[in-house]
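Novice: Here it is, the structure in full.
Quick note: the coordinates plus some simple rules give every number you see, no bench work behind them. Quick caveat: nothing in here was measured; it's all calculated off a predicted structure. Cβ atoms come from the backbone with ideal geometry, glycine included; neighbour counts cover every protein chain shown.
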Amino acid sequence: MRGRSARPRGWRPQTLRGILVAVGLIVVALVVERVIPPLTGAVRVADGDSLEVAGERVRLDGVDAPELHQSCGEGAKEWPCGAEARAALEALVARGAVSCRPVDEDRYGRAVSVCSVDGADIGAALVRQGWAVALGLAYRAEERAAQAAGAGIWSGRFERPAEWRARHPRPAE
């Protein structure tokens, strides 16, 4: 057995390390799920990407919908896209049981969350229907599909919600 390692064939330290990291991530996810249970209960929609779940204010993670008082289009073709985005979110949450998993908190104290209705991702559905734009890398494929289909806000001219908010700042509370 000269020159042969006692290690099994195909074994590498990186493989064991990768397995340990994966197991650790699974354990952390299970612990977090038990420590921070998902938000469930009665739902009230505030605007196109904000809602209340069991009295807790929630902002959908990874999406930005037109503000409630925002209009899209221009001139005679202007329409209340913010109100329609809200209506789209109301229609989605009316489909069944809503569950939100908080991932962060925003500057207004809302739980930034990934929410689903009967297991379907609400953020993905809003972007796919054209009622929100994707933030970061999440939901980019859904945004491209909505844009190509001319769905929702992609049916004409619109100002991105962040740009609209910059031009229409909230009054100090």
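Novice: Which far-off residues, 5 or more places away or on another chain, put their amide H under 5 Å from the one on Arg57, with H placed in the peptide plane?
Specialist: Amide H neighbours of Arg57, under 5 Å, 5+ apart: Ala111.
Novice: Let me ask another. Can you give me the P(r) profile for region 106-155? Cα pairs, bins 5 angstrom wide beginning at 0, each as a whole percent.
Specialist: Bin by bin from 0 Å, the calculated values are 5, 24, 23, 22, 16, 8, 3, 0.
Novice: Over the Cα atoms of region 58-165, what Rg and Dmax result, in angstrom?
Specialist: For region 58-165, the Cα radius of gyration and maximum Cα-Cα distance read 13.5, 41 Å.
Novice: Per-residue counts of other Cβ atoms within 10 Å, averaged by peptide: what ranking do you get for 115-123, 48-56, highest first?
Specialist: 48-56, 115-123
Novice: Ranked highest first by the average count of other Cβ atoms within 10 Å around their residues, in what order do 76-82, 58-64 fall?
Specialist: Top of the packing list down: 58-64, 76-82.
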